[in-house]
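Structure record follows, encoded as structure tokens.
Every read-out reported here was derived from the displayed coordinates using simple, explicitly stated rules and does not represent laboratory data. Everything numeric in this text was worked out from a predicted model, so none of it was measured. Cβ coordinates were reconstructed from backbone atoms using ideal geometry, including for glycine residues, and neighbour counts include every protein chain displayed.
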């Protein structure tokens, strides 16, 4: 039986970061896919949005409000400055865009993966690809680990194990939720899970004619009529509901609430005041040559304008203004884990200590998305992967 000091399960952002920080020939990195960092290489639409100038505890979600203090302490130890220094020490140059999103200067996420891959290899870390961990048991002062690949099963004894295997979102990146079973087998619980940073399903009665239409809008997310978030950007209407960057950002606030009363209120002309729109429409209503139903021509996309008129059920100026500035859609669900960027929920932070070691199973550590921490869209989830891995790296170096 092979013996190893540290076994890292999952070669995503947190696993690669940890291997880079503590890596040596006594560390093994196990990845179920045929290459490391596949999800990291796709982040930010392949451009590598790894953090944000606005990083802070207020950009994160967890089901246990008592855990925010723990998250804040970890971010204070390893925030965006530490992440930038880390990647620059590997040879990268990072820059921020106008929205504070931090990218590699070359806007190529796979380049960051390569830098980590090169570093891990140079440190002598044993990397096992196309290999999954199928069982994990406590044995004496360590762990008996069963791995499987095309060559069959293998048993490994590890003094300590770090689960960096992700959540349930985007299973094409190897994160199908199976890692939760490993943690549960060692005494952990898992909260309710939901897809996040994902497209939203809505009532489609008023958008059936709008498939593929993209509109720059300000969108408010309402829960039981109360505004919980407001974002501005592109909304894309689809046959199931809505997509677009603004929807991904808002989904972080509502994806776990869709069984309740969740509504999107879309301002289709965020840069035009209600009074300005009312004045224009009052003038336009006097023009007799404009066909019925086309009063919003030249103001909105023609199909969008017709949908607004149909929904308003009249060409009354007040009715049209109300629908243009508050085009409401009831949220009925999400497009699911296959399309989500991150998982909301996971192993409660109350079950790990300040170094992210299991309280019930000493020697077991948990990092990244497998924990009940998820962030807003914009680099916050990659920051959490880095932060949590760095906290564990400190613990394992001691």
Q | Relative contact order (%) - criterion: Cα under 8 Å, at least six apart; region: the stretch 322-398 | A | 26 percent
Q | Alpha-carbon centroids, the stretch 342-394 and the stretch 223-289: separation in whole Å | A | 34 Å
Q. Can you sort 146, 62 by how many other beta carbons sit within 10 Å, fewest first?
A. 146, 62
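DSSP beta bridges in the stretch 206-365, what fraction antiparallel, as a percent rounded to 5?
Restricted to the stretch 206-365, the bridges split so that about 95 percent are antiparallel.
Take the alpha carbon gyration tensor of the stretch 18-141, find the square roots of its eigenvalues, order them as a ≥ b ≥ c, and report rounded if a/c is under 1.5; if not, report prolate when a/b exceeds b/c, else oblate.
Oblate is the answer for the stretch 18-141, as a/c is 1.5 or above yet b/c matches or exceeds a/b.
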(Q) Could you work out [θ]222 nm for the chain from helices alone, using -39500 (n - 2.57) per DSSP H run of at least four and dividing by all its residues? Round to the nearest 500 deg cm²/dmol. (A) -8500 deg cm²/dmol
(Q) Report the gain in length on full extension from residue 359 to residue 35: 0.36 nm times residue separation, minus Cα-Cα distance, nm rounded to one decimal. (A) 113.4 nm
Q | Stretch gain in nm, segment residue 150-residue 184, where the contour uses 0.36 nm per residue and the Cα spacing is subtracted | A | 9.6 nm
Q. Ranked by Cβ crowding within 10 angstrom, fewest neighbours first, how are 81, 369, 31 ordered?
A. 81, 31, 369
Q) Antiparallel DSSP bridges in the chain: what percent, to the nearest 5? A) 75 percent
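With 10 angstrom as the radius, rank 278, 117 by how many other C-beta atoms surround their C-beta, starting from the fewest.
278, 117
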Q) Over the chain, what is the relative contact order in whole percent, taking alpha-carbon pairs under 8 Å and six or more residues apart? A) 23 percent
Q) Tell me, what is the percent relative contact order of the stretch 243-398, built from C-alpha pairs under 8 Å that lie six or more residues apart? A) 23 percent
Q) Among (i) 1.00; (ii) 1.18; (iii) 1.13, which one is Cα Rg over 2.2 N^0.38 Å computed from these coordinates? A) (iii)
Q: For residue 276 and residue 63, calculate 0.36 nm times their separation in residues minus their Cα-Cα distance, and state this gained length in nm to one decimal.
A: 72.4 nm
